[in-house]
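The structure appears right after this line, and notes come after that.
The values are calculated or read from the model by the stated rules, or taken from the named source; none is laboratory data. The model shown is predicted, which means the values in this text are computed figures rather than measured ones. Using ideal geometry, Cβ is built from the backbone for each residue, glycine included, and neighbour counts are taken over all protein chains shown.
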Amino acid sequence: MQYGAGANESVPVADPLLSDASLVTAARGGDTRAFERLYRTHSGKVMGLCLRMTRRRDVAEDCVQQTFIRAWRSLQAFEGRSSFGTWLHRIAVNEVLSHGRNHGTRSESNEDAIENAIAEPGDGARELDAGQVMDLERALTTLPEGARHVVVLQAVYGYSHEECADMLGIAVGTCKAQLHRGRKLLRERMGLAAEADDE
């Protein structure tokens with residue numbers, strides 16, 4: 001890989017219309033500016049995911065850094081069967097889970113994580129006012145880790161049961177049960193009447 005004046009300059013990264021696919025192709029060819037563009041495009045969403053899963057800014061930052069290091073090193077293996085963003089989310093989930101295993105840490109509450117997590121609310125959260133979003137983010141931080149991971153991936157980021165189960169390395173049935181449990185606990189913690197899940 002070349003850096004500086006001799007670096008591959010085949011992709012003008014200032015072009016806002018470049019697709020992830022074009023940037024991935026350029027980055028595979030050694031264009032670090034293309035990968036930097038991918039980083040700038042996706043790092044906020046990856047940070048939001050990591051914050052919601054870990055509830056700790058310092059751990060989330062470490063996980064984001066490791067996610068992009070792994071993505072750079074594994075870029076040649078990216079097959080394009082999913083979007084680049086989905087692939088990054090998969091790596092980020094693996095980093096969060098790996099960090100918890102390797103450091104023996106259980107996520108701790110962090111008010112800064114709540115504030116920063118709302119920077120990229122999921123589609124459902126956009127329909128809420130700012131106070132409701134804050135209440136929901138606080139309630140998310142109180143969920144048990146397994147339920148929180150599933151709720152974040154499915155309800156916030158819109159992944160299917162199958163995609164979520166695959167990312168977390170659990171059975172689809174376990175994923176569904178954790179989602180049901182998480183939603184029930186969120187309703188209780190937000191003072192809502194228990195409603196039957198449609199799923």
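Figures for the structure shown
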quantity: Residue match in the stretch 151-173 (condition: assigned to a helix (DSSP H, G or I), modelled with pLDDT under 85, touching a Ser or Thr at 6+ places or on another chain (Cβ under 7 Å) and of a type outside the set (Asp, Glu)); calculated: no
quantity: Sole residue being over 19 Å from HIS89 (Cβ atoms) and either touching a residue at least 60 places away in the same chain (Cβ under 8 Å) or buried (at least 19 other Cβ atoms within 10 Å of the Cβ) (or both), chosen from ARG183, ARG138, ARG148, ARG187; calculated: ARG183
quantity: Looking only at the stretch 36-90, and only at residues there that are surrounded by fewer than 21 Cβ atoms within 10 Å (Cβ to Cβ) and β-branched (Val, Ile, Thr), the one that is nearest to TYR157 (Cα to Cα); calculated: THR86
quantity: Residues of the stretch 57-79 satisfying the condition of being under 14 Å from the mean Cα position of the chain (by Cα) and of a type outside the set (A, V, I, L, M); calculated: ARG57, GLU61, ASP62, CYS63, GLN65, GLN66, THR67, PHE68
quantity: Residue tally, condition touching a helix residue (DSSP H, G or I) at 6+ places or on another chain (Cβ under 6 Å) and in contact (Cβ under 8 Å) with a residue 40 or more places away in the chain, over the stretch 25-47; calculated: 7
quantity: Hits in the stretch 148-178 - residues which are of a type in the set (A, V, I, L, M, F, W, C) and within 16 Å of LEU49 (Cβ to Cβ); calculated: VAL150, VAL151, VAL152, LEU153, ALA155, VAL156, CYS164, MET167, LEU168
